[in-house]
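The values are calculated or read from the model by the stated rules, or taken from the named source; none is laboratory data. The shown structure was predicted, so the numbers you read here are calculated from the model rather than taken from an experiment. Heads up, the Cβs are rebuilt from the backbone with ideal geometry, glycines too, and the neighbour counts pull from every protein chain shown.
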Amino acid sequence: MATTETMTLNMGPQHPSTHGVLRLVLELDGEVIVKVTPHIGYLHRGIEKLSEHRTYHQILPLTDRLDYLAPMSNNLGYILAVEKLMDVQVPERAETIRIIMAELTRLQSHLVWIACHALDIGAMTVFIYAFRERETIMEIYELISGARMTSNFFRVGGLSQDVPDEFVKKVSDFIDVMPGYLDQYEGLLTTNPIWLKRTVGNGFISAEDAIDLGLTGPALRGSGVDWDLRRDNPYGGYEKYQFKVPVGEKCDTFDRYKVRLVEMREACKIVRQGLDRLKPGPVLADYPQVCYPPKENVYNSIEGLIHHFKIASEGFPAPEGEVYQGVEAPKGELGFYIVSDGGNKPQRFRIRPPSFVNLQSIEKMSLGTMIADLVAVIGTLDIVLGEIDR
Amino acid sequence: MAENNRAVLKLKEKFASSIIDVVEFRGEVTVTVKKDSIIDVLMFLKQSLQYNLLTDLTAVDYLGKKEDRFMMVYQLYSIPNKDCVRIKTPVSEADCSIPTATQVWRTANWLERETYDLFGITFDQHPDLRRILMTDDWVGHPLRKDYPLQGPDREPYKGRLS
């Protein structure tokens, strides 16, 4: 009588296809997965705790470091939460630039996703191509904020500064060529038999399970749930834009791939609409109790300098209360929950990270599949450990 | 207005004696209920009012500010109706435990583990209550207000020097 027993195998935290420092303890029956136990926390920096000891303006740079592949989406979610708490109205130009940048960020995040996802499955060309396009977005980041990744460009009440004149041309040129590049990726993948073999039917999760497990973003839409915060609970001016929300049918990795690709095309259209709406005007709200003064005032008048100094060091007191603001970040619903006790620092600062909640369904999606398919599941979930561990 | 919110109307009808407080701030409705009826309230909201997505679950530490030290916070969202409601329930330090919400949503599993890890609130009947972000042998719960920012064995944080 032959007996079989399962084997326990450790995967990560230093593993190229776990997208950072994710460790999975696998229980295997041959090559088939019986149990997956994720271990996270290797990148825990205590951002929530740190934020409770900083003023509202000082928290902003920390949010860049959550999902470091989509810094402006994090900035947007955070400042929208603070603006809701303080009841600040943002000038139209600032609102439009924010949406342009948020959508470019979505493109950037999805480019990294398609690059790494394809590389994990074995399609190396796509990786090089997608990183080439991502470089252009990084250059736009650098142009407006001076930094390629930790941009820290938005401010409560608007933007840190207006965009330079080249901005519109640079973004416009990029948006013109991007759909062609997307066709290129699709040409490499969508009908590629190896890609189809690896993704069709892989990582199945039904709509009910997806909602029960709290999946959000493209991963939820891939399971056929037609829900997008930008359309259904518009924030930051999204109600003025027209775009389609792609929905999958077969709840598998291939459908999530298609959803994200359509999302990239729609992001290009939103950026185009944003560029058309862009008109000259102020980029910072005139709300001196909360917002920084315009830079000309800081450099040219003592009152402006004192104002800047006061806002930067002391911050502003927020009214007692609590707000939650969720935004449709590239990876799902990113939420910021701020409880204020009336002081200049939050009593409680909570980040609802989409990747953390999405990662929970890895077990559901990979049970009974092969180890190689688990790699595809990690790719399709599109996780970033900076956001999971905070 | 908070009084016309569909969740508030139904909850007042069904759980009148359990509701402690209803607040509206910046258009967001928060209902505070008693701890012993929290699972019934959540189950009712999910099954009868279609609040099918548990967006977030966390806690707030009100050390020295409120009678009951902790406040559990549940952010619910209804995908069919596209609206949300926040349910809160106080948890005292002496009886620092609450029934688990994993029986209502499976999402609650990791979120409750995180709350346990960082606040030290235990969840009764939780299927897998282990630390999640901190290491297994960690002592203390970092997000508690009496936990020093710099860590337990270093000089306390005195504010920014610049």
Restricting the stretch A:130-166 to residues that are assigned to a helix (DSSP H, G or I) and surrounded by fewer than 18 Cβ atoms within 10 Å (Cβ to Cβ), the residue that is nearest to the chain's Cα centre (by Cα) = A:Met138
Residue check for B:Leu161: surrounded by fewer than 20 Cβ atoms within 10 Å (Cβ to Cβ), at pLDDT below 90 and under 23 Å from B:Val22 (Cα atoms) = no
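Residues are listed down the side, and each one gets a yes or a no for (1) within 28 Å of A:Gly321 (Cβ to Cβ); (2) in contact with a strand residue (DSSP E or B) (Cβ under 7 Å, 6 or more places away or on another chain); (3) among the hydrophobic types (A, V, I, L, M, F, W, C):
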| site | (1), (2), (3) |
| --- | --- |
| B:Met71 | yes, yes, yes |
| B:Asn81 | yes, no, no |
| B:Arg86 | yes, yes, no |
| B:Thr102 | no, no, no |
| B:Glu112 | yes, yes, no |
| B:Phe119 | yes, yes, yes |
| B:Pro142 | yes, no, no |
| B:Pro148 | yes, no, no |
| B:Pro156 | no, no, no |
2 or more residues within 28 Å of A:Leu385 (Cβ to Cβ) and in contact with a helix residue (DSSP H, G or I) (Cβ under 9 Å, 6 or more places away or on another chain): qualifying helices (runs of 4 or more DSSP H) within the stretch A:281-359 | A:354-359
Note: among B:Val60, B:Val85, just one is more than 23 Å from B:Phe15 (Cα to Cα), among the β-branched types (Val, Ile, Thr) and in a strand (DSSP E or B), namely B:Val60
Among what's in the stretch B:89-117 and is within 17 Å of B:Asn52 (Cα to Cα) and not in a loop (DSSP other than H, G, I, E, B), pick the residue that is farthest from the chain's Cα centre (by Cα).
-> B:Asn109
Taking the stated definitions as given, is A:Leu50 at the interface with another protein chain (Cβ under 10 Å from one of its Cβ atoms) and either surrounded by fewer than 20 Cβ atoms within 10 Å (Cβ to Cβ) or not aliphatic (A, V, I, L, M) (or both)?
-> yes
Looking at A:Leu85, is it touching a residue at least 12 places away in the same chain (Cβ under 8 Å) and either touching a Phe, Trp or Tyr at 6+ places or on another chain (Cβ under 7 Å) or within 13 Å of another protein chain (Cβ to nearest Cβ) (or both)?
-> yes
Only one of (1) closer than 29 Å to A:Leu385 by Cβ; (2) surrounded by fewer than 16 Cβ atoms within 10 Å (Cβ to Cβ); (3) touching a residue at least 60 places away in the same chain (Cβ under 8 Å) fails for B:Val139. Which number is that?
-> (3)
Of the residues in the stretch A:23-47 that are among the charged types (D, E, K, R) and in contact (Cβ under 8 Å) with a residue 40 or more places away in the chain, the one that is surrounded by the fewest Cβ atoms within 10 Å (Cβ to Cβ) is A:Glu31
State the number of residues belonging to the stretch B:104-117 that are more than 11 Å from chain A (Cβ to nearest Cβ) and of a type in the set (S, T, N, Q).
-> 0
When the stretch B:50-99 is checked residue by residue, the ones that are free of Cβ contacts under 8 Å to residues at least 40 places away in the same chain and among the β-branched types (Val, Ile, Thr) are B:Thr55, B:Val60, B:Val73, B:Ile79
Of residues in the stretch B:46-103 being hydroxyl-bearing (Ser, Thr, Tyr) and facing another protein chain (nearest Cβ under 9 Å), the one surrounded by the fewest Cβ atoms within 10 Å (Cβ to Cβ) | B:Tyr62
Filter the stretch A:58-81 for residues that are surrounded by fewer than 23 Cβ atoms within 10 Å (Cβ to Cβ) and assigned to a helix (DSSP H, G or I); the one that is nearest to the chain's Cα centre (by Cα) is A:Asp64
Does the stretch A:175-211 hold any residues that are part of a helix (DSSP H, G or I) and free of Cβ contacts under 8 Å to residues at least 40 places away in the same chain, and which are they?
-> A:Asp176, A:Val177, A:Gly180, A:Asp183, A:Gly187, A:Pro193, A:Lys197, A:Glu208, A:Ile211
How about the stretch B:118-134: which of its residues are crowded, with 19+ Cβ neighbours inside 10 Å, in a loop (DSSP other than H, G, I, E, B) and at the interface with chain A (Cβ under 10 Å from one of its Cβ atoms)?
-> B:Ile132, B:Leu133
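Quick grid of which residues meet (1) in contact with a Ser or Thr (Cβ under 9 Å, 6 or more places away or on another chain); (2) away from chain B (no Cβ under 14 Å); (3) within 22 Å of A:Leu159 (Cα to Cα):
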residue	(1), (2), (3)
A:Leu334	yes, no, yes
A:Ser340	no, no, no
A:Lys364	no, no, no
A:Gly368	no, yes, no
A:Thr380	yes, yes, no
A:Leu385	yes, no, no
Can you work out which of the residues in the stretch A:284-332 that are among the small types (Gly, Ala, Ser) and on the phi < 0 side of the Ramachandran plot is nearest to the other protein chains (Cβ to nearest Cβ)?
-> A:Gly326
